[in-house]
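Chemist: I am attaching a structure below and will ask some questions about it afterwards.
The values are calculated or read from the model by the stated rules, or taken from the named source; none is laboratory data. All figures in this text were calculated on a predicted structure; none of them were measured in a lab. All Cβ positions, glycine included, derive from the backbone under ideal geometry; neighbour counts span all protein chains shown. Quick note on the areas: whole protein, heavy atoms, side chains included, nothing else; ligands and nucleic acids left out. Shrake-Rupley method; radii C 1.70, N 1.55, O 1.52, S 1.80 Å.
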Amino acid sequence: RTAPFDRGRILRAIESAFKAENAVPKEDPLEDAAQEKVRRIADAVTEEVRKQALVGEPLEVERIQDIVETQLMRFEAFAVARRY
């Protein structure tokens, strides 16, 4: 099944991993600094996905998950990457 890329789903998944790593309950918001980092990482993921789509790279869910993990590590969120 194919589905359009949804930045919001990526953002929520990254946010969930940050909350899990920082023991923040699901219903509570992240601190502003952490939320800003989540947004920057989601933006970087979106940019990388767009680049790969433009050159014809296949974008299966697993590939997008790999991109998220890579971006988490680039932003030095290593513990969060393990949770993701």
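Chemist: Open to solvent by less than 100 Å² (accessible area, probe 1.4 Å), at pLDDT below 95 and not basic (Lys, Arg): which single residue out of Val55, Val45, Val38, Val49 fits that description?
Modeler: Step by step, each of Val55, Val45, Val38, Val49 is checked, and only Val49 is open to solvent by less than 100 Å² (accessible area, probe 1.4 Å), at pLDDT below 95 and not basic (Lys, Arg).
Chemist: Taking the condition under 30 Å from Arg1 (Cα atoms) and among the acidic types (Asp, Glu), does Asp28 pass? Let's see the steps before the verdict.
Modeler: Numbers: under 30 Å from Arg1 (Cα atoms): no; among the acidic types (Asp, Glu): yes.
Taking the combined requirement at face value, the residue does not satisfy it.
Chemist: Which ones in the stretch 58-72 are exposed (fewer than 13 other Cβ atoms within 10 Å of the Cβ) and under 25 Å from Gln35 (Cβ atoms)?
Modeler: Within the stretch 58-72, Val61, Asp66 qualify.
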